[in-house]
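To start, the structure itself, in structure tokens.
The values are calculated or read from the model by the stated rules, or taken from the named source; none is laboratory data. Since the model is a prediction, treat every value here as computed from it, not as a measurement. Note that each Cβ is placed from the backbone with ideal geometry, even for glycine, and that neighbours are counted across all protein chains shown.
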């Protein structure tokens, strides 16, 4: 199924780089972003900062995980429509 957003979606897929490995210390946080983003708190981010991650690095990984999760949901929805 084609949508008017196909080009944008392709660009998002490329930019999100889901195959890029994240540092293992980020895995629980990124899994939380991917599955239950609404439960992420300032304390989660602060724990990462306390571990030595910078705000920019946390932000980039957060956005990447969120975009990938959104694209996975889009794919599931489009499959359901087929």
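Does residue 10 satisfy the criteria of being at pLDDT below 95, farther than 17 Å from residue 61 by Cα, out of contact with any strand residue (DSSP E or B) (no Cβ under 6 Å at 6 or more places or on another chain) and part of a helix (DSSP H, G or I)? Spelling it out, residue 10 is indeed at pLDDT below 95, farther than 17 Å from residue 61 by Cα, out of contact with any strand residue (DSSP E or B) (no Cβ under 6 Å at 6 or more places or on another chain) and part of a helix (DSSP H, G or I). Might you let me know whether region 39-54 holds any residue that is exposed (fewer than 12 other Cβ atoms within 10 Å of the Cβ) and within 10 Å of the chain's Cα centre (by Cα)? No, region 39-54 contains no residue that is exposed (fewer than 12 other Cβ atoms within 10 Å of the Cβ) and within 10 Å of the chain's Cα centre (by Cα). Looking across region 34-58, the residues that are out of contact with any helix residue (DSSP H, G or I) (no Cβ under 9 Å at 6 or more places or on another chain) and either within 22 Å of residue 74 (Cα to Cα) or assigned to a helix (DSSP H, G or I) (or both) come down to 36, 38, 42, 43, 46, 50, 56. Considered as a group, the residues in region 13-33 that are modelled with pLDDT under 90 and in a helix (DSSP H, G or I) include one that is surrounded by the fewest Cβ atoms within 10 Å (Cβ to Cβ), and that residue is 14.
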